[in-house]
Amino acid sequence: MDRHIVLSVIGVAILGFLGVLFLMPASIEDDTIRLPWRTTQDTAGRLQVFGFTIGETTLAEVRALFGEDGKVNLFQDPSREQAYGVEAFFEQIHLQRLRADFVFTLDVDQTTLAAMYERGLRISQVGSGSRKIKLDPVDAEALGSRPIRTISYLPKARLDDTLIEKRFGTPSLQLTEAKTGVVHWLYPERGLDIGRDSGGKVIIQYVNPDEFEQLLSPLQDTGPSGAMPEPAEPS
């Protein structure tokens with residue numbers, strides 16, 4: 001191959017690589033330890049993780065750290081006692097060099113959410129009778145002052161059991177979802193639930209320890225991790 005062609009190909013490859021680097025968001029790193037396994041509690045017993053305090057840190061403070069507004073949606077599920085819920089989704093956040101998606105639910109009373117539902121711009125079905133409502137921009141902005149109630153952390157990396165135990169410690173309890181085979185590592189005293197599927201995909205949920213029942217309740221009908229059903233025979 002002609003030397004000039006080779007050099008041109010190498011040059012294009014380098015430019016492409018640099019372009020990818022410039023497009024990648026910078027990792028958020030400061031003096032605060034923002035690692036998923038580093039949890040503490042304040043004097044009121046509220047969970048602290050990623051530099052956030054559940055029940056105190058507002059959506060506006062999350063937005064300021066992440067440098068974006070996130071996607072805010074209101075959900076309605078008529079089958080639930082608390083029919084309305086609102087969450088903010090942040091995609092591919094690089095926090096201390098770990099890439100993950102974040103979902104924050106917000107602490108908002110049902111009356112306020114019902115009024116926002118009526119002002120919603122678009123309603124779509126999301127299955128099982130639930131609805132997702134695109135909020136009026138004014139309402140979405142007003143939610144910035146509301147404190148976060150739960151955090152869901154979805155790392156892009158796959159985790160095995162050994163790494164989970166090394167980072168988070170031995171759980172108080174393990175339960176397995178009968179339908180999906182997802183194993184939940186439960187740490188009630190820390191307000192922490194780690195759900196891991198057979199392929200290593202993980203979702204980590206954080207709540208204040210005194211509200212851990214909202215994570216545990218949906219798992220009450222599952223069995224201990226040893227009760228995971230055998231895989232189906234191939235057809």
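The values are calculated or read from the model by the stated rules, or taken from the named source; none is laboratory data. Quick caveat, the model's predicted, so the values are computed rather than measured. FYI the Cβ positions are ideal-geometry reconstructions off the backbone, even for glycines, and counts take in every protein chain you see. Ligands, DNA and RNA are stripped out before the accessible areas are found, and what is left, the full protein with its side chains, is counted by its heavy atoms. Shrake-Rupley method; radii C 1.70, N 1.55, O 1.52, S 1.80 Å.
Evaluate the range 127-136: report whether one residue or more is assigned to a strand (DSSP E or B), among the polar types (S, T, N, Q), without any contact (Cβ under 8 Å) to a residue 60 or more places away in the chain and more than 24 Å from THR57 (Cβ to Cβ). So far as the range 127-136 goes, yes, one or more of its residues are assigned to a strand (DSSP E or B), among the polar types (S, T, N, Q), without any contact (Cβ under 8 Å) to a residue 60 or more places away in the chain and more than 24 Å from THR57 (Cβ to Cβ). All of (1) farther than 19 Å from LYS134 by Cα; (2) of a type outside the set (Asp, Glu); (3) at pLDDT below 95; (4) in contact with a helix residue (DSSP H, G or I) (Cβ under 9 Å, 6 or more places away or on another chain) hold for ARG80 with one exception: (4).
Can you pull out every residue in the range 56-74 that is in a strand (DSSP E or B) and either open to solvent by less than 20 Å² (accessible area, probe 1.4 Å) or in contact (Cβ under 8 Å) with a residue 60 or more places away in the chain (or both)? Of everything in the range 56-74, those that are in a strand (DSSP E or B) and either open to solvent by less than 20 Å² (accessible area, probe 1.4 Å) or in contact (Cβ under 8 Å) with a residue 60 or more places away in the chain (or both) turn out to be THR58, VAL72, ASN73, LEU74. You will find that of ALA157, ALA100, ALA114, the residue that is out of contact with any Asp or Glu (no Cβ under 9 Å at 6 or more places or on another chain), at negative phi and in a loop (DSSP other than H, G, I, E, B) is ALA157 and no other. If you go through the range 194-204 and keep only what is open to solvent by 50 Å² or more (accessible area, probe 1.4 Å) and touching a Ser or Thr at 6+ places or on another chain (Cβ under 8 Å), you end up with just ILE203. Considering GLY144, GLY127, GLY181, GLY191, the condition of being open to solvent by less than 70 Å² (accessible area, probe 1.4 Å) and in contact with a Pro (Cβ under 6 Å, 6 or more places away or on another chain) is satisfied by GLY191 alone.
Scan the range 75-97 and tell me whether some residue there is in contact (Cβ under 8 Å) with a residue 40 or more places away in the chain, within 17 Å of TYR153 (Cα to Cα), hydroxyl-bearing (Ser, Thr, Tyr) and assigned to a loop (DSSP other than H, G, I, E, B). No, that holds for no residue. Do we have LEU35 as at pLDDT 95 or above and in contact with a Gly (Cβ under 7 Å, 6 or more places away or on another chain) here? No: the conditions fail for LEU35.
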